[in-house]
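The structure appears right after this line, and notes come after that.
Just so it is clear, none of the values below were taken in a lab; they were calculated from the coordinates. In this text, all values refer to a predicted model and were calculated from it rather than measured experimentally. A quick note on method: Cβ atoms are made from the backbone with ideal geometry, for glycine too, and the neighbour counts reach across all protein chains shown.
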Amino acid sequence: MVKKLLFSAIVATFFSPVTVNAAMLAIETGVMNWNSNATETFGEFKDANSFVSIKGATGSEFGDIYGHVKLENFDNSNLLGSEINLVGQINLADTDFNLYGQVFDKSMPNWGETNTLLGLSWDKSYDSTYVQLALAAHVVNATYKAFDKSFDEQGFNGGYAYINFSHSTSVMGQDFSFIWWQEVFFGRNDFYLQLAGDVEDVGFNGQFIAKWHANTHWSAAVSYRYAENNMGKKGYHDGIFYSVQYNF
């Protein structure tokens, strides 16, 4: 509990100055429409689920930082979950390489995980295209209460690789952006794999996003979300997400 409170305080500290100085601050809401394969495994937790998130980002010559706070199933207190993500890069001199760090916390009624990722990244912008790669060590603190008693697993949990590709364009006077990101986990702890339900050593998850920017403030997006031996399930599951976003 102390760790969760400390983490929340760190995130709150980040979001306070963001409202004044951020390059981007937005609120997004929509529906995560998971397919039947996911619903058969997770029930109501992965069906047609509402979500709302606040996200912000800022950058400088020193580096950049991104964060979001997300609530899932906010219309159903029995299924309510939260997600907090904080990602930072510190530039290494005048190169395109960076020190990379990420803290990702996911809490649901019967389980919770805090994942810490530390490593190196590389990113570069090419006109309207942005590419980012990262490689990091993975440390996990996980608690699962869906069993007869609580199981705890914490410590080193293998490696992590990440790719992000985004492109902006204009079609018939309308602005669009297209994003693909994927993260891969490998060398994970056997006990953790059984606990989390991923089972297989190598797992990945990602998302394809198509976004229409109606004007300066409003945008709408449809995305394809997928996972293989990750996000609590052996094998493949996926879904289609729909959302609208307001940029402050």
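For the reader, a short list of remarks on this structure follows.
- Dipole magnitude (debye, nearest 20) for segment 32-72, charges at Cβ of Lys, Arg, Asp, Glu: 60
- Those trypsin sites (Lys or Arg not before Pro) in segment 140-248 that DSSP places in a loop and that have at most 11 other beta carbons within 10 Å: K149
- Protection proxy ranking of 72-82, 96-106 - average other beta-carbon atoms within 10 Å, highest first: 96-106, 72-82
- Length-normalised contact order of the chain in % [C-alpha pairs under 8 Å, at least 6 apart]: 14
- Assigned charges on the beta-carbon of Lys, Arg, Asp, Glu; the chain dipole about Cα centre (debye): 360
- Label-to-label distance for D238 and T39 is 1.8 nm, based on points extended 7 Å past Cα in the beta-carbon direction.
- Of the GluC sites (Glu not before Pro) found in segment 153-248, no site is in coil according to DSSP while having at most 10 other Cβ atoms within 10 Å of its Cβ.
- Dipole magnitude of segment 54-121, debye to nearest 20 (Cβ charges: Lys/Arg +1, Asp/Glu -1, about Cα centre): 180
- Whole-percent pair-distance distribution, where bins are 5 Å wide, for the alpha carbons of the chain: 1, 6, 11, 17, 20, 20, 14, 8, 3, 1, 0, 0
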